[in-house]
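This report refers to the structure that appears directly beneath it.
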Amino acid sequence: GVPAGDGIADKGGRNELYVIMIEDVSDRRHFESMRRDFVTNVSHELKTPAGAISLLAETISDAAGDPDAVKYFSGRISKESARLTELVQKLIELQKVQDDDVAAAQSNEPVCVPQIVREAVSENEVQASAKHIEIRMFFGDDTVGVVAGAEGADDDGHDHSGATPGRQVDVNDEDAIVVRADAENLKTAVKNLVENAIHYSPEGTHVGVSVKRTNGSVQIRVVDQGIGIPAEAQSRIFERFYRVDPARSRATGGTGLGLSITKHIVQEAGGTISVWSRPNEGSTFTIELPRA
Ligand code: ADP
């Protein structure tokens, strides 16, 4: 309230104060409905494996005399619990990147991108070698204006080979490829992309992970030769819980949260993320961050 006698007086000496409150409730309603959807989605995602586990446990106790059946059903129980664990872990990750207080406390330190990318790749090595997928890394420099080796780029100007045009930097120059970000989060962002590239690719294919320094930015690109993403789905894959093929995603341990977490992290660091993809040819995800 405004105290009396602060000059808002009419001729009669009465204080008259008009408070006009215009509040945009549509934003709040939108947020509320998003929150409700989120809780519904989480509940559903948790209920499915939890339900399966209790059903499988019952079946096991009925089949106690049959060692093969016990082995089979306990294997399925482990798989479903792994799914639960993965989901909870991703939810914690999402909560962490979305919490403003946590975000404010996070460091925005200079981060050496090639080092982060190497770590993200090495944390996916087991999954990659299980599918005989070779991950190729390339660290390049475009600041000198040389754009060589553009072969591999198709008519959209997209490059599926995993190689990025430009001069390859030697190991000593890698330290100069730096952005401002939270190192741990940036690693999560890249790790999610590499994880997907492996998940959605057939055995024996290649995944390319490249880092390119340009004058103003650093580009991190993850290229696969996998199943691709239909054009109409490409704008939706960054939404929480959206999956092109929910059954396939679940079968490969997906949660539908990875890309939404990655996008959040990239935006937090002042960058952008984009996708190019063609079904049955592969996908290319590009993170672009301002150079430190
Ligand atoms: P998920 O845990 O299901 O992989 P994400 O949020 O990481 O969740 O990805 C959302 C959806 O986008 C996936 O379910 C999948 O349909 C699609 N997708 C993501 N990355 C790729 C890729 N490299 N190739 C094909 N499809 C992909």
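The values are calculated or read from the model by the stated rules, or taken from the named source; none is laboratory data. Since the structure is predicted, the reported quantities are computational estimates derived from the model, not experimental observations. Glycine also receives a Cβ, built like all others from the backbone with ideal geometry; neighbour counts cover every protein chain displayed. Ligands, DNA and RNA are excluded from the accessible area calculation, which covers all protein heavy atoms including side chains. Shrake-Rupley method; radii C 1.70, N 1.55, O 1.52, S 1.80 Å.
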Notebook entry, point to check: If you scan region 202-243, which residues turn out to be within 12 Å of the ligand (Cβ to nearest atom), among the polar types (S, T, N, Q) and more than 21 Å from residue 260 (Cβ to Cβ)?
Noted result: 205, 225
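Condition check ((1) within 30 Å of residue 80 (Cα to Cα); (2) surrounded by 22 or more Cβ atoms within 10 Å (Cβ to Cβ)) across all residues:
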{"site": "203", "(1), (2)": "yes, no"}
{"site": "216", "(1), (2)": "no, no"}
{"site": "230", "(1), (2)": "yes, no"}
{"site": "257", "(1), (2)": "yes, yes"}
{"site": "289", "(1), (2)": "no, yes"}
Check: Does residue 191 fit the bill of being in contact (Cβ under 8 Å) with a residue 60 or more places away in the chain and within 12 Å of the ligand (Cβ to nearest atom)?
Finding: yes
Check: Among all residue pairs at least 6 apart or on different chains, which show Cβ distances below 6 Å where the first residue, located in region 267-287, is within 11 Å of the ligand (Cβ to nearest atom) and the second is open to solvent by 60 Å² or more (accessible area, probe 1.4 Å) and modelled with pLDDT of 95 or more?
Finding: 282/225
Item checked: Subset of region 51-71 (residues that are surrounded by 15 or more Cβ atoms within 10 Å (Cβ to Cβ) and within 33 Å of the chain's Cα centre (by Cα)) -> 52, 53, 56
Margin query: List the residue pairs whose Cβ atoms are under 6 Å apart, where the first residue sits in region 239-255 and is small (Gly, Ala, Ser), the second is not in a helix (DSSP H, G or I), and the two are 6 or more positions apart or on different chains.
Written below: 249/243
Check: Do you know which of the residues in region 162-188 that are at pLDDT 70 or above and in a loop (DSSP other than H, G, I, E, B) is nearest to the chain's Cα centre (by Cα)?
Finding: 182
Checklist line | Positions within region 97-119 being buried (at least 17 other Cβ atoms within 10 Å of the Cβ) and without any contact (Cβ under 8 Å) to a residue 60 or more places away in the chain, in sequence order | finding: 118
